[in-house]
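Report on the following structure.
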Amino acid sequence: MRIALLGCGTVGGGVLRICRERVPELEVRRILTLPGELDDPLVTHDVDDIISDPSIECVVEAMGGIEPAHGFLVRALEAGKSVVTANKAVVAAHFAEFMGLAEKHDVAFKIEATSGGGVPWIAGIEKARRVDDVTELSGILNGTSNYLIDSMERSGKGFDEALSRAQALGYAEADPSADIDGIDVKNKTIISATVAFGSLCRRDIPCLGIRHLTKPILDALEARGWSVRLLARARQDSGRYAACVEPVVLSRASEEAHVPTNFNLATLVGQTVGELKFFGQGAGALPTGNAIVQDLLDVAAGEKPRYATEEMLEWDPALLGAAYLFATNAAAPEGAHLLASTDECGVEKALYVVLGLDPSHASALFEELAALDPTTFAASFSAEAAASLETLLSLDR
């Protein structure tokens with residue numbers, strides 16, 4: 001199969017290397033780059049050279065960002081070319097449009113590399129759905145945020161020091177907002193939930209990040225047998241669904257609490273298969289390039305997956321109800337229980353727990369507190385971690 005690459009940076013370079021060294025049946029015919037980025041006879045700086053070339057059967061997009069990627073992919077699909085992309089931002093923003101065009105022009109639109117890097121997460125969901133309804137998904141889907149938390153826990157680094165180290169190692173961008181504010185995971189959650197539930201996931205899912213997670217907060221939680229990870233969460237039940245991204249307080253005994261450095265761990269739950277976990281490298285040139293090449297081989301074999309283009313389920317954030325932790329200098333939220341004062345845990349913020357919130361209400365409460373204390377941090381409790389809350393808080397019955 002003859003292909004073209006849109007972008008040949010980290011991910012695109014990984015695809016080029018794997019195709020040339022290991023999968024010669026995938027012939028790279030053209031490579032779109034900016035002037036001066038790559039010295040290769042296949043390079044072009046004009047996307048029209050790819051769109052108008054009838055010999056090119058599939059376009060690989062590894063540019064990132066919304067535009068011009070969105071416009072390029074629309075043109076490729078309208079030209080009757082299949083598309084394989086690693087760009088979670090553009091897919092989350094335009095999933096329904098891309099799928100509609102793929103169906104209209106009877107071509108493939110493949111997205112494995114958008115979520116989980118080299119981890120076969122989307123493929124795992126699709127395979128599970130052949131037999132089961134996938135009722136839940138969750139997991140660590142961003143290696144940068146996991147590296148930061150793991151580094152703070154293991155080495156005693158503060159957030160800023162851990163972030164500087166991650167940037168030096170290439171795990172974090174100069175502007176790390178997409179990773180530490182949960183935006184990257186939000187895009188992956190939208191895609192994953194759409195595939196898992198057979199219903200287009202709405203784009204305004206609640207999203208909390210780890211920007212204001214501190215080492216003293218982690219220490220206070222560790223003293224109580226807990227850890228924290230930034231997780232995707234989604235669930236469907238009886239025609240309803242919910243999805244969110246947020247830090248989650250976990251039992252130290254959980255698998256997620258022990259995921260090291262920049263690895264990913266994603267989980268799905270099916271009716272007959274039960275719980276399945278997928279672990280591996282969630283980013284990088286060769287792991288993500290591998291995922292793209294796997295998609296290319298599927299396209300060459302004639303596979304044309306079809307995903308939902310409409311929201312078929314009713315939005316109900318109560319499906320993800322939980323207890324929530326708020327670390328803040330603002331006044332205690334209404335109905336809050338004090339978990340630790342500044343004197344008890346040595347942090348600059350008091351730790352409060354509010355029971356019975358859903359992600360939408362928790363996000364709204366976080367915004368209220370952050371307006372008073374911009375460094376407020378919030379996280380939900382996993383069911384396992386919440387099991388010990390009643391004893392710790394000495395709740396009134």
- prompt: What does the convex hull of the Cα atoms come to per residue for the range 299-397, in Å³?
  reply: 193
task: Rounded to whole Hz and in sequence order, give me ³J(HN,Hα) for the range 69-86 from the Karplus expression 6.51 cos²θ - 1.76 cosθ + 1.60, θ = phi - 60°, writing x for Gly and Pro.
output: 4, 4, x, 5, 5, 4, 5, 5, 5, 5, 7, x, 9, 5, 10, 10, 9, 10
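Taking the Cβ of Pro68 as the center, what net charge do the other residues with Cβ under 14 Å away carry, scoring Lys and Arg +1 and Asp and Glu -1? Show your work: numbers first, answer last.
Values: positive: Arg75; negative: Asp46, Asp48, Glu61, Glu67.
So the environment of Pro68 carries a net charge of -3.
How large is the charge dipole for the range 2-110, taken about the Cα centre, if only the Cβ atoms of Lys, Arg (+1) and Asp, Glu (-1) carry charge, to the nearest 20 debye? Write down the numbers at each step before the final one.
Details: 11 positive and 17 negative charges, 69 e Å.
Using Cβ point charges on Lys, Arg, Asp and Glu, the range 2-110 gives about 320 debye.
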- request: Kindly write out, for the range 310-325 in residue order, the coupling ³J(HN,Hα) from the Karplus curve 6.51 cos²θ - 1.76 cosθ + 1.60 (θ = phi - 60°), rounded to whole Hz, with x marking Gly and Pro.
  value: 9, 7, 8, 10, 8, 6, 8, x, 4, 4, 10, x, 6, 7, 10, 9
- request: Determine, at each q value in 0.12, 0.13, 0.15, 0.18 (inverse angstroms), the log₁₀ of I(q)/I(0) that the Debye formula gives when each Cα of the range 199-337 is one equal point scatterer.
  value: -0.72, -0.83, -1.07, -1.36
message: I'm a student and want to see the number: the projected area of the Cα convex hull of the chain, averaged over all directions, in nm².
response: 20.0
query: In what order do Phe278, Phe95 fall by count of nearby beta-carbon atoms within 10 Å, going from fewest to most?
result: Phe278, Phe95
task: Taking amide H positions as placed in the peptide plane 1.01 Å from N, state which residues far from Asp133 in sequence (5 or more) or on other chains have amide H under 5 Å from it.
output: Gln271
task: Sort out for me the Cα centre separation of the range 62-106 from the range 9-26, rounded to whole Å.
output: 21
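Hey, got a sec? Which GluC sites (Glu not before Pro) in the range 234-293 land in a DSSP loop and have at most 15 other Cβ atoms within 10 Å? Walk me through the intermediate numbers first.
Details: sites: Glu255, Glu256, Glu275; in loops: Glu255.
Qualifying residues, ordered by number: Glu255.
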task: Considering only Asn187, Asn264, Asn329, give the residue with the highest GNM mean-square fluctuation for the chain, with springs between Cα atoms whenever their separation is below 10 Å.
output: Asn329
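Counting DSSP beta bridges in the chain, what percent are antiparallel, to the nearest 5?
Taking every DSSP beta bridge within the chain, about 65 percent pair in antiparallel fashion.
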message: Starting from the Kirkwood Rh over alpha-carbon pairs, what translational D in µm² s⁻¹ does the range 2-110 have by Stokes-Einstein at 20 °C and 1.002 mPa s?
response: 155
task: Could you run the Karplus curve 6.51 cos²θ - 1.76 cosθ + 1.60 with θ = phi - 60° over the range 168-178 and give me ³J(HN,Hα) per residue in whole Hz, x for Gly and Pro?
output: 5, 7, x, 7, 10, 6, 4, 9, x, 4, 4
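Give the whole-number value, in cubic angstrom per residue, of the convex hull volume spanned by the C-alpha atoms of the range 61-215. Each step should come with its number before you reach the end.
Working: hull volume 19.1 nm³, N = 155.
Hull volume over Cα atoms, normalised by residue count, gives 123 Å³.
If you count, for each residue, the other Cβ atoms within 10 Å and average over each peptide, how do 240-252, 34-46, 109-121 line up from highest to lowest? Let's see the in-between values first.
Details: 240-252: 23.2, 34-46: 11.4, 109-121: 26.3.
The packing order, highest mean first, is 109-121, 240-252, 34-46.
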statement: Across Glu368, Glu303, Glu21, the residue with the highest GNM fluctuation in the chain (Cα network, 10 Å cutoff) is Glu21
field: Fluctuation leader among Ser138, Ser254, Ser238 - the chain, Gaussian network, Cα springs under 10 angstrom
entry: Ser238
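Read-outs throughout are calculated quantities, based only on the coordinates presented, and are distinct from any laboratory measurement. Keep in mind the model is a prediction, meaning the values are calculated, not measured. A quick note on method: Cβ atoms are made from the backbone with ideal geometry, for glycine too, and the neighbour counts reach across all protein chains shown.
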